[in-house]
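Here is the structure we will look at.
The values are calculated or read from the model by the stated rules, or taken from the named source; none is laboratory data. Please read these numbers as outputs of a predicted model, since none were measured by experiment. In this analysis, Cβ positions are derived from the backbone assuming ideal geometry, glycine residues included, and neighbour counts consider all displayed protein chains.
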Amino acid sequence: MTRVITSLCVREGACATVCPVECIVPGKPEDKYPWYYIDAETCIDCGACVPACPVEAIFSLDEVPEKWKSFIQVNAAHYGK
Ligand code: SF4
Ligand code: SF4
């Protein structure tokens with residue numbers, strides 16, 4: 001299980017600051033990946049990033065709202081998966 005960041009993200013970095021395994025990074029290149037992204041293979045599903053997000057952009061993999069389900073693949077694509 002991992003977490004997924006959606007397009008609600010305003011790219012301000014609070015989640016990356018609290019992640020204990022440093023698996024959240026700002027997307028690069030920014031024009032192609034304008035939000036932050038979670039490396040699912042490194043994430044330990046601790047949940048710390050969720051309350052840290054000021055805009056509630058982060059969801060558990062099994063709780064991603066329908067309209068943002070495509071972001072599961074977007075996150076994976078950022079990491080070349
Ligand atoms: S759930 Fe924990 S380990 Fe996973 S991205 Fe969020 S803060 Fe990092
Ligand atoms: S805390 Fe939320 S808004 Fe800030 S970078 Fe992370 S996902 Fe984006």
Q | Those residues of the range 1-21 which are among the hydrophobic types (A, V, I, L, M, F, W, C) and within 11 Å of ligand 2 (Cβ to nearest atom), in sequence order | A | VAL4, ILE5, LEU8, CYS9, VAL10, ALA14, CYS15, ALA16, VAL18, CYS19
Q: Mind counting the residues in the range 45-62 that are of a type outside the set (A, V, I, L, M, F, W, C) and in a strand (DSSP E or B)?
A: 1
Q: Output the residues belonging to the range 1-12 that are assigned to a loop (DSSP other than H, G, I, E, B), surrounded by 13 or more Cβ atoms within 10 Å (Cβ to Cβ) and either among the acidic types (Asp, Glu) or within 14 Å of ligand 1 (Cβ to nearest atom) (or both).
A: THR2, THR6, CYS9, GLU12
Q. Out of the residues in the range 23-41 that are under 12 Å from the mean Cα position of the chain (by Cα) and in a loop (DSSP other than H, G, I, E, B), which is nearest to ligand 1 (Cβ to nearest atom)?
A. CYS23
(Q) Being modelled with pLDDT of 95 or more, exposed (fewer than 13 other Cβ atoms within 10 Å of the Cβ) and either within 13 Å of VAL4 (Cα to Cα) or more than 10 Å from ligand 2 (Cβ to nearest atom) (or both) narrows it down to one residue among ILE38, ILE58, ILE24, ILE44; which is it? (A) ILE44
**Q.** Cross-chain or 6+ apart pairs with Cβ under 6 Å, the range 20-34 first and free of Cβ contacts under 8 Å to residues at least 40 places away in the same chain, then among the small types (Gly, Ala, Ser) and within 10 Å of ligand 2 (Cβ to nearest atom)
**A.** ILE24/ALA16
